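What follows is one structure encoded as structure tokens, with my remarks underneath.
All of the numbers you see were taken from the coordinates with simple rules; none came from a lab. Everything numeric in this text was worked out from a predicted model, so none of it was measured. Cβ sites come from the backbone with ideal geometry, for glycine too, and all protein chains shown count toward neighbours.
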Amino acid sequence: MNQTATYTVTGMTCGHCVASVTEEVQEIPGVQDVAIDLPTGAVTITSAEVLDDAAVRAAVEEAGYQLA
């Protein structure tokens, strides 16, 4: 069963930002899809496994941004 969670990421200003966050989040085990709405900073993640908030936070920080 797929699970979807939405997080808000601060500091993204362009397509490169979106690509960086997408790339890092996609490395989390189980993640199948990452959809980012740049104007709002909403990051919607679809995963085959239960998402670990700490893993998402670590991925976002690795890309150079923060969870709101």
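Assorted remarks:
- Subtracting the Cα-Cα distance of Thr46 and Thr6 from 0.36 nm times their residue separation leaves 13.5 nm of extension gain.
- Computed helical MRE - 222 nm, the chain, DSSP H runs ≥ 4 contributing -39500 (n - 2.57), nearest 500: -9000 deg cm²/dmol
- Order by protection proxy (mean Cβ within 10 Å, highest first), peptides 61-68, 41-48: 41-48, 61-68
- Projected onto its three principal axes, the C-alpha set of the chain covers 33, 19, 18 Å, listed from the longest axis down.
- Distance from the stretch 49-68 to the stretch 1-16 (C-alpha centre basis), Å: 9 Å
- The magnitude of the dipole of the chain, with charges of +1 and -1 set on the Cβ of Lys/Arg and Asp/Glu and taken from the Cα centre, is near 180 debye.
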